[in-house]
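Read through the structure below, which is laid out as structure tokens, and then see the notes.
Bear in mind these aren't lab numbers, they're just calculated from the coordinates by the rules spelled out. These numbers come from a predicted model, not from an experiment. Here the Cβ positions follow ideal geometry from the backbone for every residue, glycine too, while neighbour counts run over all protein chains shown.
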């Protein structure tokens, strides 16, 4: 049996896949989805699929293909490469049949949809292919994934009744991170109750590789690698042609694979297995069927020839290497492709993690997006941890928290991790219980909390990183006490390292991280070099500060925003120990020095305020006038004016004749003519 793992087969609902948007060039996963979500995505592609079918211009068709999304049916990946797998769908097989006639396409799909083990089946965008995902009864070893499916392809086709379509099977779909492009199919088949296909898989025979190849291809620049690989592919093509057109004894033809094997071993080429498989398929074709090839000892002959091959040097490849001027530059070449900005690439806006509704216009101000981190700063006892309770409660809840905070985490990334580096287990649990009370859930399943007080800074950093990378459903992370990830807040190297880690984690895992840091006692700056680094890199910086005149109230102010600036928010703690919005906090926290008085402004300044308001419209209702006056005051004097003070200024302006209103109670307000008191 192929399954050497002690894991049990997964149920169909447990299989997750990565969704990629932007065509074959896309290497970074957009998000994780369940297989049943493919149905709704397929339905949304009706217009795109119709355009692709109708398009006869190759260049235009290529552009349309760049809009075609795809999934990785064998699991979830941070990047579309085998080593970046996050979750493995260990008992499924994905099939891609191509170059079928219309009649063959319809007949094959009819066969597949009748099979109870077929989880998903649809016609490809070209309308000349069929794609399917089948649930298996056995677990496939991750390390032998491709070879297991390749070796068992014929048996799998036989088990689902599709043997006659073997010539149309694209075995590349067996590759672990191989894309499966999605398209619209009005009759897409999805079976939520798929039963595993009862089949005993054969263990693949491993090819023995030469331990010390002559050259390492990875030591050369990307252009040189491509040229060498192209030459090797051409060599395989030539031998495939010879095998297809052989004349005479077959075993001498099989022995020719030894030269190809020596070439691949001599330069340690990564696609050796693919070359082996291509040649093996041509050898099978020489005999007619797998059974005939096995009876003729063809498989053993090929395996022996391949394993006995010695590493070779090739004159043409050596000339290619000699021409290379960028020896050991391959890593940079790869990174250049990875980090290059393509102006034609369709890049979606970052997913919003949480927002604050502004009072003046009711529009959301983004506090954080997936792929970025934010910073919360404040002095000791400013109630930063209570504000973090609000943030976590928002991320966990589907409701608007405290009438202003909302979260838009995607359903597949709705889990939250809370790391506390300062407090002991008792106090961290108390904070988590407050969150549970705030959202009215005694034990939220999507919240994971950890107290890391007893660990060293390096141990905390390692634990946080491993936890972040272990769960693909994480969308929101809080690190309360970011300074405890370094030994010194003024160590520039450690500060840069932590900031770089935050950027790396958020981008690679597509999550939002909220970090918390103390302010200096003597000023409002975030503490140390780490504070400077985090402020420079953060998407949003929020300050939590106690009111000077009302100690029960803490005011949250946005010091730095990449998006629309969030208006100040104030909260206090109720009798149950939970944070609540502080109503009328502007009036409650005013002092004699900062309280607005209409007599403090010159007459001309008051009228200029009204002119600023009416530059946005010819007339306003009283309610709109209050809002617009607040905005104008903020714009002109860079400070806020409370609602009551705005109304006081409006009354003053009406008395001066600067505001005119009709006799009807519903009449709007118009701007009158400026006149000082002596002229009225």
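So if each residue of separation counts as 0.36 nm, and I subtract the Cα-Cα distance between residue 106 and residue 560, what length gain in nm does that give?
Value of the extension gain: 157.6 nm.
Label residue 66 and residue 441 with points 7 Å out from Cα along Cα→Cβ: what is the distance between them in nm?
So the two model labels end up 4.0 nm from each other.
If you take the Cα atoms of the range 12-117, find Rg, then find the Kirkwood Rh from the mean of 1/r over all pairs, what is Rg/Rh?
0.99
As a footprinting exposure proxy, order 514, 139, 400, 544 by other Cβ within 10 Å, with the fewest listed first.
Working: 514 27, 139 20, 400 13, 544 23.
Ordered from fewest to most neighbouring Cβ atoms within 10 Å, 514, 139, 400, 544 come out as 400, 139, 544, 514.
For residue 581 and residue 425, FRET efficiency with R0 = 30 Å and r from the beta-carbon atoms, rounded to 0.05?
Result of the calculation: an efficiency of 0.50.
Relative contact order (percent) for the chain, with alpha-carbon contacts under 8 angstrom and 6 or more residues of separation?
9 percent
How big is the gap, in Å, between the Cα center of the range 347-369 and the Cα center of the range 65-98?
32 Å
So how tilted is helix 102-113 from the main axis of the chain? Cα-based, degrees 0 to 90, rounded to 10.
Taking Cα atoms only, the helix is inclined about 80 degrees.
Using only the Cα atoms of the range 107-174, what are the Rg and Dmax in Å?
Rg and Dmax of the range 107-174, Cα atoms, are 12.1, 35 Å.
Which of these values of mean projected area of the Cα convex hull in nm² was calculated from the structure shown: (1) 51.6; (2) 41.4; (3) 33.5?
(2)
For the range 352-588, taking Cα atoms only, what is the radius of gyration to one decimal and the Dmax to the nearest whole Å?
Both quantities, over Cα of the range 352-588: 16.5, 48 Å.
How many angstrom lie between the Cα centre of the range 127-182 and the Cα centre of the range 264-286?
Computed from Cα coordinates, the inter-centre distance equals 19 Å.
Tell me, 130, 171 in order of fewest to most beta-carbon neighbours within 10 Å? Write out the running numbers ahead of the final one.
Values: 130 27, 171 17.
So the ranking, lowest neighbour count to highest, is 171, 130.
Using the count of nearby Cβ atoms within 10 Å as a rough guide to exposure, how do 647, 605 rank from fewest to most?
Sorted ascending by nearby Cβ count, the order is 605, 647.
Considering just Cα atoms, how many Å³ per residue does the convex hull of the range 62-193 enclose? The partial results should precede the final answer.
Values: hull volume 15.2 nm³, N = 132.
Taking the convex hull of the Cα positions in the range 62-193, it is 115 Å³ per residue.
What angle do you read, to the nearest 10 degrees and between 0 and 90, between the alpha-carbon axis of helix 222-244 and the longest principal axis of the chain?
40 degrees
Inverting the mean 1/r over all pairs of different Cα atoms, compute the Kirkwood radius of the range 598-679 and quote it in Å. Display every interim value, and only then the final one.
Numbers: mean 1/r = 0.0782 Å⁻¹.
One decimal place: 12.8 Å for the Kirkwood radius.
In deg cm²/dmol, rounded to 500, what helix-only [θ] at 222 nm does the chain give when every DSSP H run of at least 4 residues adds -39500 (n - 2.57) and the total is split over its residues?
Here the helix-only value at 222 nm equals -11500 deg cm²/dmol.
Using only the alpha-carbon atoms, how far is helix 603-614 inclined from the longest principal axis of the chain? Give it as 0 to 90 degrees, nearest 10.
Rounded to the nearest ten degrees, it is 40.
Going by average Cβ density within 10 Å per residue, which order do the peptides 26-35, 94-103 take, highest to lowest?
Values: 26-35: 19.3, 94-103: 17.1.
Highest-to-lowest ranking by the protection proxy: 26-35, 94-103.
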